[in-house]
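The values are calculated or read from the model by the stated rules, or taken from the named source; none is laboratory data. As the structure is a computational prediction, the values presented were derived from the model and not from experiment. Virtual Cβ from ideal backbone geometry, glycine too; neighbours counted across all protein chains shown. Quick note on the areas: whole protein, heavy atoms, side chains included, nothing else; ligands and nucleic acids left out. Shrake-Rupley method; radii C 1.70, N 1.55, O 1.52, S 1.80 Å.
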Amino acid sequence: MAVVQLRLVRRNSVKSLLLTGIVAFNALSTAVAADERVAIAATVDQFCSWTGLKRVSELRDIGHWKTREDSGGNARFDLLVDGKRIQYRLIFFWQHGRAKIYSIEPENYDWHGHGVGFDTLKDPKVREWAVAAAQKVNAHLKWKYAFGPEIQRIGRDIAVTYETVSREEQKRTSYSYVDPYITFLVSPKGTVFAAFMNS
């Protein structure tokens, strides 16, 4: 009888220890997830403070990715852009515990059949105005580029694009390991409502 009771006590102790471990792991995972959510929201809100946009929803559909060198994720949310509510997507890298922007832009943006990197807008005043708006935001992002800008209209908006790889390097090597363009979208009201890197 004593042996049976001892076995029951051991089984209950193991179950209790296992259950305690699971509860502690879940609590830790929840805390990490909450910290991540706060860090991601802080990045979005910081971008809004630079641009005059406003976040009007909680984060949703938070995802994660990892490579040998980097880790990051993505999230969706809604922003108020010049008085209009728009669905957004953020792609980011983790850097020193902060979510560093790789791309923040409206989902399903209408590019009107255009791509980036074309220099078709010639009006010098409009060019200067759009570049000033883009540079104001890039003063915070600190994205590096080799040359530009290349400026074009996308519908009513303006795309200000810089290239990150010099023309000499483009001729010399294959630069498929980097995203050669950084682009800022500027609304007719002068609001930078998107910033992204792309190929």
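A few points about this structure:
- Close pairs from segment 114-134: first more than 18 Å from Phe193 (Cα to Cα) and part of a helix (DSSP H, G or I), partner open to solvent by less than 50 Å² (accessible area, probe 1.4 Å) and of a type in the set (D, E, K, R), Cβ under 7 Å, at least 6 apart: none
- Those residues of segment 115-146 which are surrounded by fewer than 14 Cβ atoms within 10 Å (Cβ to Cβ), under 17 Å from Pro180 (Cβ atoms) and within 23 Å of the chain's Cα centre (by Cα), in sequence order: Gly115, Lys144
- Hey, Lys100 free of Cβ contacts under 8 Å to residues at least 12 places away in the same chain, open to solvent by 60 Å² or more (accessible area, probe 1.4 Å) and under 17 Å from Ala194 (Cα atoms) or not: no
- Residue in segment 34-46 that is in a loop (DSSP other than H, G, I, E, B), at pLDDT 85 or above and open to solvent by 60 Å² or more (accessible area, probe 1.4 Å) present: no
- Scope segment 147-166; condition among the hydroxyl-bearing types (Ser, Thr, Tyr) and crowded, with 18+ Cβ neighbours inside 10 Å; matching residues: Thr161, Tyr162, Thr164
- The single condition among (1) open to solvent by less than 50 Å² (accessible area, probe 1.4 Å); (2) in contact (Cβ under 8 Å) with a residue 24 or more places away in the chain that Ser71 does not satisfy is (2).
- Screening Ala139, Ala99, Ala133 for residues that are modelled with pLDDT of 95 or more, of a type in the set (Gly, Ala, Ser) and within 25 Å of Asp78 (Cβ to Cβ) leaves exactly one candidate, Ala133.
- Checking Asp78 against (1) of a type in the set (Asp, Glu); (2) loosely packed, with under 15 Cβ neighbours inside 10 Å; (3) over 22 Å from Gln152 (Cβ atoms), the condition it does not meet: (2)
- Residue within segment 99-108 that is farther than 15 Å from Thr51 by Cα and touching a helix residue (DSSP H, G or I) at 6+ places or on another chain (Cβ under 6 Å) present: yes
- Scanning segment 47-66 for residues that are within 21 Å of Gln95 (Cβ to Cβ) and open to solvent by 70 Å² or more (accessible area, probe 1.4 Å) yields Ser49, His64, Trp65, Lys66.
- The criterion of at least 2 residues that are among the basic types (Lys, Arg) and under 15 Å from the mean Cα position of the chain (by Cα) is met by the following strands (runs of 3 or more DSSP E) wholly inside segment 49-113: 60-66, 98-106.
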